[in-house]
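Below: one structure, written as structure tokens.
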Amino acid sequence: MTMVKKTLDLLGDLGFFIRRNLTSLGNASRMFVAVIWRSGFLLKRPRLVSDQILFVGNHSFVIIAISGLFVGFVLGLQGYYTLNRYGSEQALGLLVALSLTRELGPVITALLFAGRAGTSLTAEIGLMKAGEQLSAMEMMAVDPLGRVIAPRLWAGIIAMPILATIFTAVGVMGGYFVGVPLIGVDSGAFWSQMQGGVDLFSDIGNGLIKSMVFGVAVTFIALYQGYEAKPTPEGVSQATTRTVVISSLSVLALDFLLTAMMFSN
Amino acid sequence: MRKSAIDIWVGIFVAIGLLAALFLALKVGNMNAVSFAPTYKISARFDNIGGLKPRAPVKSAGVVEGTTPEARGSIATAIRKARPKALNTVSI
């Protein structure tokens with residue numbers, strides 16, 4: 001009898017879990033459409049967006065550039081080690097550039113962005129909610145979705161491709177520094193193999209599209225978690241953790257989907 | 001921070017992003033090769049070009065692909081008709 005009861009409890013928990021997550025998925029989609037719908041007024045007040053670009057973009061610049069440099073260094077070293085076995089170390093430039101433009105640039109930027117900017121967005125919105133600032137805005141007939149959420153979302157969407165481009169460019173330079181002056185790969189072969197193999201639209205363009213999609217996903221998840229956080233210190237801290245977990249997982253899952261769509265012939 | 005200071009920093013950030021995009025397009029993606037012209041120019045520098053004259057044929061794998069428009073000093077410039085997808089050896 002207890003066995004049957006346990007099984008039923010388990011099924012009940014599962015149903016509750018699915019129902020709760022479906023509800024929040026629906027809620028998030030509704031909020032996303034509402035935010036996009038309300039962001040028209042930003043064209044009249046672009047300052048709101050540029051303030052937020054300073055916050056999420058400029059302040060993430062240093063961590064993105066340094067990470068890009070070191071990822072480039074490591075790609076140069078490891079790529080040379082592997083390519084050298086097959087006697088094709090001239091292809092080092094191609095390897096570094098393709099890995100960075102297609103995958104590592106957008107993905108690592110998005111993961112770092114989630115940790116650097118996403119968490120602070122969640123904490124900011126969550127504390128605004130806990131301090132009842134959002135309710136106060138509603139009382140004054142100012143829509144918090146338009147005034148608070150929309151500028152941050154657009155700032156994330158604009159800043160992410162810029163950051164990913166910087167990451168990729170710095171990474172290629174890092175790969176060059178390790179590959180050419182340090183290891184001694186021929187400079188001409190390094191660049192010409194890269195230029196021969198990297199396509200402007202299908203590699204660099206698709207990388208940019210990827211980073212824009214990641215920008216929408218990471219920023220919106222951060223804002224949603226902050227907006228729906230429990231208005232307590234504990235609730236805000238849980239929301240911040242959830243931001244990192246959910247946005248990292250969705251970046252990796254989206255990356256797989258986008259890669260399958262873009263690069264499979 | 002004052003409004004104009006914010007604008008300057010955001011402007012610098014966007015400018016660095018554009019520079020990075022330019023670097024990717026020109027140096028990594030080789031945007032110069034994205035061209036719809038039927039010919040393109042290649043230049044080579046030799047220590048000694050011997051008796052090379054203007055309009056000398058340029059051959060790739062024995063097939064004439066273009067001519068040298070100029071042969072001054074030690075620099076010879078060749079124009080080839082086909083796209084450079086499989087450029088192996090070019091002889092002048």
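The values are calculated or read from the model by the stated rules, or taken from the named source; none is laboratory data. Bear in mind the structure is a predicted one, so any value in this text is a computation, not a measurement. Every residue, glycine among them, receives a Cβ derived from its backbone with ideal geometry; neighbour counts consider all protein chains shown.
Count of region A:170-212 residues, restricted to those that are within 13 Å of another protein chain (Cβ to nearest Cβ) and of a type in the set (Lys, Arg), is 0. Taking region A:1-98 as the region of interest, the helices (runs of 4 or more DSSP H) fully inside it that hold 2 or more residues being aromatic (Phe, Trp, Tyr) are A:2-38, A:61-85.
Go through region A:34-49 and report how many residues are under 17 Å from residue A:212 (Cα atoms) and either facing chain B (nearest Cβ under 10 Å) or surrounded by fewer than 11 Cβ atoms within 10 Å (Cβ to Cβ) (or both). So the count comes out to 1.
Among the residues making up region A:238-265, those that are farther than 27 Å from residue A:125 by Cβ and small (Gly, Ala, Ser) are A:260, A:264.
Of the residues in region A:146-153, at least one is under 22 Å from residue A:230 (Cα atoms) and surrounded by fewer than 21 Cβ atoms within 10 Å (Cβ to Cβ). Counting the residues of region B:41-76 that are crowded, with 16+ Cβ neighbours inside 10 Å and modelled with pLDDT under 70 gives 2. For beta carbons closer than 6 Å, sequence separation of 6+ or different chains, a first residue in region A:190-213 that is touching a residue at least 40 places away in the same chain (Cβ under 8 Å) and a second that is not in a helix (DSSP H, G or I), the qualifying pairs are A:198/B:29; A:204/B:29.
Can residue A:172 be described as touching a Leu at 6+ places or on another chain (Cβ under 7 Å) and not in a helix (DSSP H, G or I)?
When the stated conditions are applied, residue A:172 does not pass them.
The set of residues in region A:10-28 being over 25 Å from residue A:216 (Cβ atoms) and either touching a Ser or Thr at 6+ places or on another chain (Cβ under 9 Å) or not hydrophobic (A, V, I, L, M, F, W, C) (or both) consists of A:12, A:13, A:15, A:19. Candidates are the residues of region A:100-142 that are assigned to a helix (DSSP H, G or I) and among the acidic types (Asp, Glu); the one that is farthest from residue A:58 (Cα to Cα) is A:138. Only one entry in A:147, A:102 is farther than 20 Å from residue A:49 by Cα, modelled with pLDDT under 95 and basic (Lys, Arg), namely A:102. Restricting the search to region A:172-188, which residues are farther than 24 Å from residue B:21 by Cβ and surrounded by 18 or more Cβ atoms within 10 Å (Cβ to Cβ)? Once the filter is applied, which keeps residues that are farther than 24 Å from residue B:21 by Cβ and surrounded by 18 or more Cβ atoms within 10 Å (Cβ to Cβ), region A:172-188 yields only A:185.
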